[in-house]
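The values are calculated or read from the model by the stated rules, or taken from the named source; none is laboratory data. Quick caveat, the model's predicted, so the values are computed rather than measured. When we count neighbours, we look across all protein chains shown, and the Cβ atoms used for this are built from the backbone with ideal geometry, even at glycine. Accessible surface areas use protein heavy atoms only, side chains included; no ligands, DNA or RNA. Shrake-Rupley method; radii C 1.70, N 1.55, O 1.52, S 1.80 Å.
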Amino acid sequence: MNKLRLLLALVLAATLLAGAALPAAVTASGKAYVEPALAHSDAGQSVIVTAASSQAAARAVGRVGGLVTSDLWLIDAVAATIPAGQVEALAAQPGVRTVTANKGVTVAPGPSPAADGVTAASLPPRRLDGPPDVEPTNNPKRYRIAYPVIADVGADTLQQSSKKLGRDVTIALVDSGIYFSPETVSTLGGHLNRQFLGQADFVETQLPKGKGGTQYADYCFISDKMLSRDRYGHGTHVAGIIWNNLIDENTGLMLGVAPEANIISVRVLGDDGTGSYETVIKGLQWVVANKDTYGIRILNLSLSAQATVPYFADPLNRAVEQAWALGIVVLAAAGNSGPAAETITVPGNDPYVITVGAVDGGRTAGCWADDLLPSWSACGPTRDGFAKPDVLAPGSQVVSFMHNSRKDPAETQVLAQLHPGYSATAHLFRMSGTSMSTAVASGVVALMLQAHPELTPNQVKHRLMATARSAVTDANEAVYNTLQQGAGRIWAPDAVLNAPEGSANAGMDIAADLAHGCGSDEELAHHYQGPIRQAVDAGGERVLYYCAGPDGSIYGLGAARAGDRTWLDRNALGDPTGQTWLAIDQNPLPAGWSWAGVWSWAGAWSWAGAWSWAGAWSWAGDVPWGAIERDATRVSTSPWVDAP
């Protein structure tokens, strides 16, 4: 493998190496880290406070007159409301590590997340010309589907040849819930009885009609499939992508990527698609506490939030890292805030987990020549300097179930009511977004774990990336850079049957990362900074993303406009290697640097010895943590090489 490919393999795993560093806006002050936005507010606030333990955090909240609202033991934290003007006093309490906002969470569809919240990564579908997405037959279990997504990831091949269907693998779906209509139960009753393991409801915390499950102090567990809830529809649609047992009339195959996987619903988003960090983390705590009881191997997070703090100070990221460290494969949506650089969202910006961007398959399943990177799929690098997304999966115009009540239209799920293709008789609807991509990838991971139940999360991530396929030209040049397409689009047959051995996240100690705060240089040394840096041209108009090889050689990954981070075509740059680019220290990059080439894999790769940053690190131009407005300029289309 040549040096360029070797270097890019490093970046994609990056996971492979990053050493200790001080990310932007974090300083070793000797006291707790406070999210910058909190320090400038005079109103009472809802916050998440981490300390040596959740009990210590609760005591600190009490000392400033605050009120604890939830014990977030998974991350040694509490959610709390504190009086106006008490943020600094709280941060100064003994043992407090971080004070961050308890962000709002919403699944309201849109091309970008709200400035202060988390968005389920789904988009309202556009109207389409051509054949209908779904045509019913005389058999209620069989439909003609224009775009069976399983064919675009090779899951159809596995259904036919190896019978890999995800059996005995449980996926926890942390979302708006799952609902089964009476018609669905009648059609798929046996399937649901075996594979739907119940719903932990943190939204409506009382059992419906006081029956059908078990009541707990701050949630209920619904074991009766007829009583599970999802009035919004997002979680129901995502679940169907994974395990839909309806049959495509044209192929005779089930529509779900892993149609025999088990699903457990963790409802943390309400009837209007909203929730909070606090509620989501409580749901994640439930998953971790019950992983052995229900055999939970996969966690699907089709939601996102803007990155406003470093990954290691973000409570949601800390929670997903705990799940990963305990053996659960976490898949997170990249977000729908693309196509510009630096648009990856939380928790997809976490360096450990599998972050999934989208491919628009053009409604031509199995033919990749017309496929493209959709304009909304978020791109890297993360604000911590890591390469994301890790992989891509089909996420445009994906068909799945949402409840549509013929008897009472008011009972129809909200997203179905808003759908431009709505009709009174429709039950299958197309949706787009990295939510859908993440569900597809979760299904493929279920197939991998059925075939290889011994795999760890790091091994799954390695295999999924190592067998992904990049978009390339006839000359084998990458069409989209690493920060747009990651390792490429996933391909299930290779990931399940022919993946090379190896482990992602090598050189990173997740236990030490989780065990330390950021109040001193010693503690900061246990966190990581990704290998990607940026430089600006002499006029300050363009940004170059680059990384350095072990020998100090510089490799360019992509270039964007400095103002809005819209990607620039390499050909439009002329010969950038002969131009002046200023790094963060204002020193020019050495002349003669190279573009990194197409990514390929030759087993695991890591640095010889530890590698660490010298001193503090920040983005060129001193870009602060927080939202950046970006254009929705579409990236150019280009072909993938069709799989054999």
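Worth a mention:
- Rounded to 5, percent antiparallel among DSSP beta bridges of region 498-591: 100
- Three-way shape call for region 449-495 based on the alpha-carbon gyration tensor, with the a/c threshold at 1.5: prolate
- Whole-percent carbon and sulfur share, accessible surface of region 187-230, 1.4 Å: 49
- Note on residue 52 and residue 370: the model spin-label points, each 7 Å out from Cα along the C-beta direction, lie 6.4 nm apart.
- Here's how it looks for residue 505: its modeled amide H is under 5 Å from those of 16, which are all 5 or more places away or on a different chain.
- Remark: for residue pairs 103/282; 225/461; 388/461, the C-alpha separation exceeds 21 Å in 225/461.
- Remark: spin-label model distance residue 163-residue 570 equals 4.7 nm, labels positioned 7 Å along the Cα→Cβ axis.
- Total formal charge among the other residues, if their Cβ is under 11 angstrom from that of residue 275, Lys/Arg +1 and Asp/Glu -1: -1
- Rounded, prolate or oblate (a/c below 1.5 giving rounded, otherwise prolate when a/b exceeds b/c) for region 200-326 by Cα gyration tensor: oblate
- With R₀ set to 51 Å, the beta-carbon distance separating residue 211 from residue 476 gives a calculated FRET efficiency near 0.25.
- The label point for residue 548 and the one for residue 454, both projected 7 Å from the Cα toward the Cβ, are 4.1 nm apart.
- Residue-normalised accessible area of region 228-360, given per residue in Å² at a 1.4 Å probe: 16
- Applying a DSSP loop filter and a limit of 11 other Cβ atoms within 10 Å to the trypsin sites (Lys or Arg not before Pro) in region 375-480 leaves 407.
- For region 416-543, the solvent-accessible area works out to 31 Å² per residue, with a probe of 1.4 Å and every protein chain left in place.
- As a fraction of the 1.4 Å probe accessible area of region 314-470, surface on carbon and sulfur atoms comes out at 52 percent.
- Compared with the direct C-alpha span, the chain from residue 579 to residue 194 gains 132.3 nm at full extension, assuming 0.36 nm per residue.
- Gyration tensor verdict on region 498-604 (Cα atoms; rounded if a/c is under 1.5, prolate if a/b is larger than b/c, oblate otherwise): oblate
- Local net charge near residue 463, Cβ-Cβ under 10 Å (Lys/Arg +1, Asp/Glu -1): -1
- Net length gained if the chain between residue 81 and residue 272 were fully extended (0.36 nm per residue, minus Cα distance): 66.4 nm
- At most 12 other Cβ within 10 Å, DSSP loop - trypsin sites (Lys or Arg not before Pro), region 183-261: 211
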